[in-house]
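Written below as structure tokens is the structure these notes are about.
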Amino acid sequence: MKRIWSNKYVLIVNAISIMVAFLTHFPELITLSNPYSADGLSFPGMHWADVGNEVLFTYLSLLFLFFLNEAVFRFNSDMVSIGWKKVVCSFVLTWVVSNLLGKCFVYLHQHFDVPAIDAMLHHYLHPLRDFLITCIVTGSCYFFHQNRKSRKMLLENQQLRMENVINQYEALKSQLNPHMLFNSLNTLYLLIRESPDKARHYLEELSRVMRYTLQDNESHSVTLREEMEFVQSYMYLLQVRYEENLQFDIRIYPELMSRKLPPMALQLLVENAVKHNEISNRRPLTVSVIAEGDTVEVSNPFQPKRGGSAGMGIGLANLAKRYQLLYKKDIIVKEENHRFTVILPLI
């Protein structure tokens, strides 16, 4: 309830209620302010107290109708989705309650002498005014909801851009760190001496990795096909370095290749698997990438290096946050049966 009646929203609702209350009784006010038409055919025998009560009642009714819509449909909440069905229900409820409030006011006027306008024309205009008030209340509530939703989306987009910049920075730092470059160039140097053809292929794959890492991805999403093309280039670089001690088990159904995920999501998981686990003749490592259903799973045996390295949690936390901002979905991280697994939703 605190959110419903807070600050700017209260001011806007009061301003709309006051304006509509006066505008719906504008003909009576004009007639009353003109001494030549005060007892005319339209509104005979009308007094300031009658019009004042009508205006006050309309104002209070509008406030109540706004409150009712917020209490029932929660137009001003971040956690509620408002579709056309709720808008129609809001319209019907507001119209019915507005009509009932009008009848209550007539009852008070007739049985408790509460000042009100008795002119026939005024009573004939009641259904039209109820309809207009209903349109204004429902329309305003829906406008508030859409405005709040658009502002929230704008804020989330700004957060996403910031997260994307951080992600690109972390990826750039990871790919361009001196250790990684030293290893890649050292491997390339050895290949040039031993196998120029293989060196040329290695250089092509390295350029693909660098190009994908440095590209400006405005969409915040890539297809699984695009991501896998990049990841396979990255895997090739790793396999040249670790040879038969590092293997990859890739099983992806072709129909899933058009699904989407954040850029460099799989690369991060492959990189983590290689960075944080021992890879040697004694303990080779096989990293599995399996896509089926609505998810892609990256897993590997848990065989941490001696002295272990920290920092894996930062990358996973960043990836989880990107999934929340982009798709409102969670990633799954689990460690069981001496195996580390991360499951990513495919969109």
Legend entry - residue 182/residue 153 FRET efficiency (R0 45 Å; Cβ-Cβ; nearest 0.05): 0.55
Legend entry - Cα-based reach from residue 334 at 20 Å (exclusive), listing lysines while leaving out same-chain residues under 8 positions away: 275, 305, 321
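How long is the gain from residue 203 to residue 242 if the chain were fully straight, where each residue apart is worth 0.36 nm and the alpha carbon distance is subtracted? Display every interim value, and only then the final one.
Details: separation 39, 0.36 × 39 = 14.04 nm, distance 1.67 nm.
Separation in residues times 0.36 nm, less the Cα-Cα distance, equals 12.4 nm.
Per residue and in cubic angstrom, what volume does the convex hull of the Cα atoms of the range 193-303 have? Provide the component values of the computation, followed by the final result.
Values: hull volume 12.5 nm³, N = 111.
About 112 Å³ per residue, rounded to a whole number.
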Inset, instruction - Just report the Cα centroid separation between the range 266-337 and the range 223-254, whole Å. - result: 14 Å
Inset, instruction - Taking all protein chains together and a probe of 1.4 Å, list 202, 142, 253 from the most accessible to the least accessible. - result: 253, 142, 202
Legend entry - Qualifying aspartates and glutamates (Cα of each under 20 Å from Cα of residue 103; at least 8 residues distant if same chain): 28, 50, 54, 113, 118, 130
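I'd like the FRET efficiency for residue 15 and residue 317, computed as 1/(1 + (r/R0)^6) with the beta carbon distance as r and R0 of 35 Å, rounded to 0.05.
Working: r = 44 Å, r/R0 = 1.26.
About 0.20, to the nearest 0.05.
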Legend entry - Proximal lysines relative to residue 8, as straight alpha-carbon distance under 19 Å, when same-chain residues fewer than 8 apart are discounted: 149, 152
Inset, instruction - Starting from the Cα-Cα distance between residue 337 and residue 81, subtract it from 0.36 nm times their residue separation and give me the gain in nm to one decimal. - result: 88.1 nm
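Given a 1.4 Å probe and every protein chain left where it sits, what share in percent of the accessible area of the range 210-282 is carbon and sulfur? Please report the intermediate quantities before stating the final value.
Working: 1600 of 3490 Å².
The nonpolar share, carbon plus sulfur, comes to 46 percent.
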Legend entry - Added length on full extension, which subtracts the Cα-Cα distance from 0.36 nm per residue, residue 104 to residue 252: 46.5 nm
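The values are calculated or read from the model by the stated rules, or taken from the named source; none is laboratory data. Being a predicted model, the structure only gives us computed values, none of them experimental. When we count neighbours, we look across all protein chains shown, and the Cβ atoms used for this are built from the backbone with ideal geometry, even at glycine. The protein model used for the area step is the full one, side chains on, heavy atoms only, and it has no ligands, DNA or RNA in it. Shrake-Rupley method; radii C 1.70, N 1.55, O 1.52, S 1.80 Å.
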